[in-house]
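*Asks:* Below is one structure. I have some questions about it.
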Amino acid sequence: MVSTYRVAVLGARGVGKSAIVRQFLYNEFSDVCVPTTARRLYLPAVVMNGHVHDLQILDFPPISAFPVNTLQEWADACCRGLRSVHAYILVYDICCFDSFEYVKTIRQQILETRVIGTSETPIIIVGNKRDLQRGRVIPRWNVSHLVRKTWKCGYVECSAKYNWHILLLFSELLKSVGCARCKHVHAALRFQGALRRNRCAIM
């Protein structure tokens with residue numbers, strides 16, 4: 001049986017959220033920044049231990065605020081489907097304090113307005129542009145401690161440019177949404193070498 005997980009990717013302009021998605025799906029990166037102006041939907045399939053998991057990755061343009069209800073969600077074409085996903089990936093630029101503040105605000109709005117149901121919807125905070133480490137504006141330990149201990153969210157730092165920790169991010173995502181077969185397997189190996197046991201590939 002194929003499991004399907006809907007994932008929303010959000011972040012301020014220029015943080016590289018679309019670059020992360022494209023690196024994950026196509027193993028490609030462009031130094032040219034093309035702003036996301038409309039919602040984009042990607043439909044990859046992930047294979048792990050011989051089992052297929054469908055992902056519906058929704059790459060959203062920067063939004064001014066998280067929709068407070070379904071009516072508002074569907075009134076704005078850029079926000080459609082935002083309240084009904086299984087998980088959120090909130091991306092910020094480790095060299096831009098304002099982009100972290102954006103993520104902080106959106107996360108709080110998700111918690112205040114999202115109809116969660118019986119269990120909490122996972123949120124993973126992602127610090128992109130790790131290759132520009134020297135320009136970091138907030139110490140990594142401070143952010144990691146805040147996100148993991150106070151916010152109770154997942155935290156991953158990555159570099160879309162050099163494809164560093166991109167696969168780790170999506171393996172953590174699968175674990176967060178309750179993929180039973182994704183647990184108890186070394187995260188760094190899960191998306192490499194599809195023909196080996198306990199490893200995964202994109203179809």
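FYI, it's all coordinate maths here, none of it is from the lab. The model shown is predicted, which means the values in this text are computed figures rather than measured ones. Using ideal geometry, Cβ is built from the backbone for each residue, glycine included, and neighbour counts are taken over all protein chains shown.
*Asks:* How about the range 88-169: which GluC sites (Glu not before Pro) there lie in a loop by DSSP and see at most 12 other Cβ atoms within 10 Å? Write down the numbers at each step before the final one.
*Replies:* Numbers: sites: Glu101, Glu112, Glu120, Glu157; in loops: Glu120.
Those satisfying the criteria are Glu120.
*Asks:* Okay, moving on. What full-extension length gain, to one decimal in nm, is calculated for Phe29 and Met1 as 0.36 nm per residue of separation minus the Cα-Cα distance? Spell out each step's value before the answer.
*Replies:* Values: separation 28, 0.36 × 28 = 10.08 nm, distance 3.32 nm.
Once the chain is fully extended between Phe29 and Met1, it gains 6.8 nm.
*Asks:* Let me ask something else about it. Near the amide H of Asn163, under 5 Å away, which other amide H atoms are found, from residues 5 or more places off or on another chain, if H is placed in the peptide plane?
*Replies:* none
*Asks:* Using only alpha carbon pairs under 8 Å that are at least six residues apart, calculate the relative contact order of the range 80-154 and give it in whole percent.
*Replies:* Working: 75 pairs, mean separation 30.4, N = 75.
Once divided by the residue count of the range 80-154, the mean separation gives 41 percent.
*Asks:* Turning to a different aspect of this structure: I want the antiparallel fraction of DSSP beta bridges within the range 1-66, as a percent rounded to 5.
*Replies:* Numbers: 7 of 14 bridges.
If I count the DSSP bridges inside the range 1-66, around 50 percent turn out antiparallel.
*Asks:* Please list, in order along the range 54-71, the HN-Hα scalar couplings obtained from phi with the Karplus expression 6.51 cos²θ - 1.76 cosθ + 1.60 (θ = phi - 60°), rounded to whole Hz, x for Gly and Pro.
*Replies:* Those phi angles translate into 7, 10, 10, 8, 9, 9, 9, x, x, 10, 6, 7, 6, x, 7, 8, 5, 4 Hz.
*Asks:* What is the sum of charges around Val32, taking Lys and Arg as +1, Asp and Glu as -1, for the other residues whose C-beta is under 15 Å from the C-beta of Val32?
*Replies:* +1
*Asks:* Separate question: Rounded to the nearest Å, what's the spacing between the alpha carbon centres of the range 130-153 and the range 57-98? Just the number, please.
*Replies:* Centre-to-centre distance over Cα atoms comes out at 21 Å.
*Asks:* Please list, in order along the range 165-173, the HN-Hα scalar couplings obtained from phi with the Karplus expression 6.51 cos²θ - 1.76 cosθ + 1.60 (θ = phi - 60°), rounded to whole Hz, x for Gly and Pro.
*Replies:* 6, 5, 5, 4, 4, 6, 5, 5, 4
*Asks:* Using a ≥ b ≥ c from the Cα gyration tensor of the range 1-112 (square roots of the eigenvalues), is it rounded, prolate or oblate, where a/c under 1.5 gives rounded and otherwise the larger of a/b and b/c decides, a/b for prolate? If you can, show how the numbers build up before the last one.
*Replies:* On the way: a/c = 1.80, a/b = 1.18, b/c = 1.52.
In terms of gyration-tensor shape, oblate.
*Asks:* Which far-off residues, 5 or more places away or on another chain, put their amide H under 5 Å from the one on Gly11, with H placed in the peptide plane?
*Replies:* Hits under the 5 Å cutoff: Ile63, Val91.
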